[in-house]
Structures are given as C-alpha cells and as structure tokens.
Ligand code: ADP
C-alpha cells in the first residue's frame, strides 16, 4: 500500500449525471482528489456495505465545495450503498486481469458476444467478482470506433427474424455480472485479458437483487423520484426513524398517471435502490382466478412479502382489483377488496412491507382504500416535457451506435405528448430501421455476423425520422 492509499475520505453518495451512466466513473470535488492524491482516471476503492472499484473522473463545476461522490446505480449496487449514504473512498492499486468471466443478469436472456468484442467494450474498466457492469459504456463519438464491434443479444434479433435465431444486435444496453476474475481482487481489463461470457445468468446473488432498473433509467421524473425516496426508501431502510418520532411509516402509496409514464419502472427502481424484495401482482390477472383463488392469491403475496421483508408489493392496475364500490358489479371484487383492506390493516409498520398501487384512473378507486393507514400517499407521473423527453431519449439510446447527424434534442422537441413507452418504442424502431439497412449484407446461415459488417451499423437521423413516420 502506498502512502496515498492509506488516506481515506468519507463522502455522501449522489446520483450520476446521465452522461456517466454505465461507464464505471465517479466524480468527487477537487479538494478530495488532492487530499487522496488522485489524478483523472486513477482507480479508487469505494467502501459501502461492500467494496468495489471505479475510475475517478473530472469533477463537475457545479459540485464544487460539496462533499459528495457521484455514481450511477450499478456502482451503488456494487458498493452496497444508496443515495444519501456515506461511503469511504481511497486510491487503490489494481492488477491486470488475465481473465474475466461475465454472465447476463437476466434469466433466460441469451447473449452472443465474442471475447474480443467484450474486451473492446470494457477496455480499461476495473472490476471485481460480483460487480455488475453494463454495455452502455461506449456511446460518445470518439468511442464509437470500438463500439462498432457490437454486441448481440437475443430479443432484438427475435423481433426481427422471429424466434429461434438466438442472437441479436447490440442496439441496447445489457447488464452483465462479473462471475470470476483471475487474479482475484480489483483487476483492470486490458489487451492481455481473456473475457469470457457465460451463456446464461449465474446465481451468485439472489434474484430479487438483480439491478434491472435504477433511478438513472428513468427520465423526466425527478420529482416523483424525490417523493418515492422519501415515502418508501426512507421508511424501508430506517424504520427506527419513524418509531423515534412516534409516527407510522406509510403502508400504501398510490402511483397514478397515464399508461407508459414509468409507474412500473419506478416501483422496481425503488425496490432495487432500497435493496427490498419485490413482488408484482397484476390486477386483472388476479381477478381472473377461480372462486376463492383471488383472495388466496393476495394473501399469499402478503405472506411472501412479510417473510422476505423489507419488501415492496406492487399492485398493477389496482383499479381493477378495487374499483369504487358503486361500480362493483361482482361479488368477487367485494371479497377481494375486503381481503386487501384487511391485509393492509394487518400490516404492522414494523414489518417493513410497503404496498405500491398503480393506476391510470385514481378517481376510479374504492374510497375505502384511500383512508389513513392504507393508500394515503400519492405520487403523480405526468406526461414528460421537452427536457424530460430528452432524458428519456438519452436513456434509450445509451447502448446505440448513433450517427453524427443525430441530435436527440431535435427529436425531443417534436415529440410533444409522447410518454416514456412511446419514446422507447421509437428508439427501438429507429434501431430496427438501421438493422434493415445492413440486412442484405448478412448471410443468415452463418452463426456469426462478421465484424466488418457490424462495424458499419449506425443509427442515423433518417432512421429516427422513419420511425416517427410509422
Ligand atoms: P406504466 O407502468 O406507467 O404503464 P412502465 O413503467 O411499464 O409504464 O413503462 C413502460 C416502458 O416505457 C418501460 O419499460 C420503459 O422502457 C419506458 N418508459 C416509461 N416511462 C419512462 C421514463 N420516465 N423514462 C424512461 N423510460 C420510460
């Protein structure tokens, strides 16, 4: 350990800027860089509940004088920390990786990517066993050279060629987990590294902790994130605060707003960020069960949540479970509402279970559910404004090799009325349009697409314009 490596600093975790997401970079104020003897792109160890590594970037001028460290959701997971908590950082040594084995985080997702491609995507990144990393890292123009090599993953290709192709182009973001490294400890991926990708997700962490959605994956919803952190993250993580104040932590929060504005994503993100167990229940689905089965279904969900607390129960389309009594036609609804109410009343604040209900029609919900101690807090998700749309465009083009002529702000300005789901679909369609262009050059009988062809893959302005027409 060098002298510098013995000096540590305690900094408060803050969210990353969109531009940094997926890059393995953190930012701290200059005074701390000096104190710790850090130059840009030095490697630091970050110690929260766990320890991980990251590269140090140049500070943002607006953060000057603040004792914060900006990091994205994956680094927060890797360091087992979250926004607002303190971590210890210090300069650290690293070894060159001989080999790194990665696996997809999502079950059932098959990815095909040659070692050379992965190496190019993750070049100069430091990792340790268990870390999550994402392929968003190379999206700037100067980085495109390497990114052109492309990663392929299944669902895109299946959309295009139908099931069975088993691979697809990398036009989106893929999250991977580091399963092992040689040597162990903090290693850097270099030219010398052999990068291997396992075909399937590996169980090195329990499934509910797989960080599929983090706060940075949601655009244009800053206010909603602030509110949900206060209403859900805080009580789940620190129930003692509420005890101390002698007030009850919320049991139920209602998320409302038009379809496709990110209600489901937000619920998943808060579960991931609070390290809580997440169970999702689809309203119409549970209502379609046989006699007595719907109530039992709901009871089982509450039981599972209590067993795995801290937990979040997500009741999607709650208006179908608990419509206004006046609107209730069937006896099933009456029984299910009664069951839900009694389960919520029975939830002890101490049990650390929070129910999130989601609806497009808040006015259509049984008033009994809105009483104190039930769904007594609400958060609205609105149709995003231009700024919000821009953020969503940035998020959904993170992993795409964008052509120079694409200015996302232009598209954010002309997509008035689009919600998140519309923008996702638009970006996806633009990617498909770029794919169609290189399709004639591909021999579909070949298991691998030659990298010379992949290198030419670019999503252009015209691709977005085509997508808009559809
Ligand atoms: P809701 O639950 O409000 O109907 P979802 O959370 O299911 O909407 O969103 C559907 C999809 O639309 C998401 O998977 C995501 O790709 C995209 N999306 C929606 N809202 C946003 C947002 N605010 N930021 C980024 N993507 C979004």
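The values are calculated or read from the model by the stated rules, or taken from the named source; none is laboratory data. From a predicted model like this one, the values you see are computed outputs, not experimental measurements. Glycine also receives a Cβ, built like all others from the backbone with ideal geometry; neighbour counts cover every protein chain displayed.
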| request: Considering only residues that are in contact with a helix residue (DSSP H, G or I) (Cβ under 7 Å, 6 or more places away or on another chain) and under 20 Å from residue 419 (Cβ atoms), look in region 266-282 and name the one that is farthest from the ligand (Cβ to nearest atom). | output: 270
| note | Going through (1) part of a helix (DSSP H, G or I); (2) free of Cβ contacts under 8 Å to residues at least 40 places away in the same chain; (3) more than 30 Å from residue 430 (Cβ to Cβ) one by one, residue 412 fails only at (3)
| query | Can you find even one residue in region 55-69 that is assigned to a strand (DSSP E or B) and either out of contact with any strand residue (DSSP E or B) (no Cβ under 6 Å at 6 or more places or on another chain) or within 24 Å of residue 274 (Cβ to Cβ) (or both)? | reply | yes
| task | Being more than 12 Å from the ligand (Cβ to nearest atom), closer than 20 Å to residue 21 by Cα and surrounded by 17 or more Cβ atoms within 10 Å (Cβ to Cβ) narrows it down to one of 402, 454, 435, so name that one. | result | 402
| Any residue at all in region 209-228 that is away from the ligand (no atom under 16 Å from the Cβ), at pLDDT 65 or above, farther than 22 Å from residue 51 by Cα and out of contact with any strand residue (DSSP E or B) (no Cβ under 9 Å at 6 or more places or on another chain)? | no
| Residues in region 331-343: is at least one within 16 Å of the ligand (Cβ to nearest atom) and surrounded by 19 or more Cβ atoms within 10 Å (Cβ to Cβ)? | no
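Can we say residue 343 is at pLDDT 90 or above and either touching a strand residue (DSSP E or B) at 6+ places or on another chain (Cβ under 8 Å) or under 30 Å from residue 220 (Cα atoms) (or both)?
no
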| note | Every listed condition ((1) modelled with pLDDT of 90 or more; (2) in contact with a strand residue (DSSP E or B) (Cβ under 9 Å, 6 or more places away or on another chain); (3) more than 16 Å from the ligand (Cβ to nearest atom)) holds for residue 303 save (2)
| query | residue 233: over 22 Å from residue 336 (Cα atoms), crowded, with 21+ Cβ neighbours inside 10 Å and more than 16 Å from the ligand (Cβ to nearest atom), yes or no? | reply | yes
| note | All conditions in (1) in contact with a strand residue (DSSP E or B) (Cβ under 6 Å, 6 or more places away or on another chain); (2) within 16 Å of the ligand (Cβ to nearest atom) are true of residue 285 except (1)
| message | I need the full set of residues from region 2-18 which are exposed (fewer than 14 other Cβ atoms within 10 Å of the Cβ) and out of contact with any strand residue (DSSP E or B) (no Cβ under 9 Å at 6 or more places or on another chain), in order please. | response | 3
| task | Considering only region 358-389, state which residues are within 11 Å of the ligand (Cβ to nearest atom) and not in a strand (DSSP E or B). | result | 360, 381, 382, 383, 384, 388, 389
